[in-house]
1. Show me the strands (runs of 3 or more DSSP E) entirely contained within segment 165-258 in which 3 or more residues are within 16 Å of the ligand (Cβ to nearest atom) and touching a helix residue (DSSP H, G or I) at 6+ places or on another chain (Cβ under 6 Å).
2. Among the residues of segment 207-228, write down those that are among the β-branched types (V, I, T) and either at pLDDT below 95 or over 13 Å from N239 (Cα atoms) (or both).
3. Among all residue pairs at least 6 apart or on different chains, which show Cβ distances below 8 Å where the first residue, located in segment 117-138, is closer than 27 Å to V5 by Cβ and of a type in the set (D, E) and the second is assigned to a loop (DSSP other than H, G, I, E, B) and within 16 Å of the ligand (Cβ to nearest atom)?
4. Among the residues of segment 189-210, is any under 14 Å from the mean Cα position of the chain (by Cα) and of a type outside the set (A, V, I, L, M, F, W, C)?
5. Quickly run through segment 231-248 and pick out the residues that are among the charged types (D, E, K, R) and surrounded by fewer than 16 Cβ atoms within 10 Å (Cβ to Cβ).
6. Just to be sure I understand, how many residues within segment 4-34 are more than 16 Å from the ligand (Cβ to nearest atom) and either at negative phi or basic (K, R) (or both)?
7. May I ask you to list the residues in segment 258-279 that are among the hydrophobic types (A, V, I, L, M, F, W, C) and surrounded by 14 or more Cβ atoms within 10 Å (Cβ to Cβ)?
8. Does G74 meet the test of being surrounded by 24 or more Cβ atoms within 10 Å (Cβ to Cβ) and in a loop (DSSP other than H, G, I, E, B)?
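The values are calculated or read from the model by the stated rules, or taken from the named source; none is laboratory data. All values derive from a computational prediction rather than experimental measurement. Backbone-built Cβ (ideal geometry, glycine too); neighbour counts: all protein chains shown.
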Amino acid sequence: MRILVTGGAGFIGSHYVRTLLAGGYPGYRDARVTVLDKLTYAGNTANLPMADPRLTFVRGDVCDAALLREVVPGHDAVVHFAAESHVDRSLDNGADFVHTNVVGTQSLLGACLAAGVGPVVHVSTDEVYGSIDEGSWSESEPLLPNSPYAASKAGGDLMARSYWRSHGLDVRTTRCANNYGTRQHIEKLIPLFTTRLLTGQSVPLYGDGNNVREWIHVDDHCRALQLVLTRGRAGEIYNVGGSVTCTNREIVGRLLELCGTDWSRVRFVADRKGHDRRYSLDDRKIRTELGYRPQHDFGPGLAEVVAWYRDNPAWWTASAEGGAAEREE
Ligand code: NAD
């Protein structure tokens, strides 16, 4: 069994690869993994067990069709994580997002089709649905993305659908809530606030802080992806909900407590453009069809994450200084 993992040096992809290679997914204990990753500022080979003989690492761009023609054949399945993933960056430069998240996804799907490789699990996000004041989104809700990041992910989702519908390629799409866990780049809310609080700095909270998000432990997300890979159906979309829903204010309150400080460290700053107010997924489909349940409780999970950032300053100091990829080479 050979699995191709794009974006496997990033936050979620590297959790998936480490668990896979550690034998954490039944039936895949002997699987060999190829990671294809461009090593942007968000990719870091230190996230991966590079010496593992079952891991092959290829540095490259998921938009590079010639490279994909070499790399893709011979695999039995693909899990596609590679993406530009930070909403704030997409507000400054949408082009990189279209390139990787739309063109890259199409290039990968095309290469899989040509090589007869599948299933492909296309890893997407709840942000493609937009913002919902009340109730929850099922998989059949319209896509109403509000940020260039979300719009580019929605473009990738539509490409995935079209390759299934037009060509019969076995693609399965997941749309997951906000992930938390170790090794997340410090541009994202939980690591940013944690590392700033641990180093005596203030933290910038957007708007009134009452934006509502669902949070899922990264290992629960990866387990859901593995379920979709092994038991999901071609052409289907699966929402993957979290174990807790809370406002950004509530997250900050928890982080202040875990870091032993108080609200005097919080600066309320002008809201993010187009900031989605509330996300909420109806994930009954993956629960009933595939038996998915999140296993991690948010309280202890968040405490572990804060402890990890406290214990591993070398990991995040280097990424704060301008690029894990450069650091690794
Ligand atoms: P990340 O930014 O930590 O990692 C992205 C990885 O992709 C990095 O290793 C980067 O080097 C690589 N990459 C970027 N552009 C590439 C390209 N052109 N070619 C090859 N590799 C490239 O992101 P993440 O948080 O791990 O997210 C992974 C996936 O999960 C993304 O598709 C994202 O949209 C999706 N997702 C994330 C969340 C979340 O909360 N983080 C929630 C739902 C879905």
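1. 171-176
2. Within segment 207-228, V212, V218 qualify.
3. D126/A177; D126/Y279; E127/P145; E127/N146; E127/S147; E127/D276; E127/Y279
4. No, every residue in segment 189-210 fails to be under 14 Å from the mean Cα position of the chain (by Cα) and of a type outside the set (A, V, I, L, M, F, W, C).
5. Within segment 231-248, R231, R233 meet the criteria.
6. Of the residues in that region, 10 qualify.
7. L258, C259, V266
8. no
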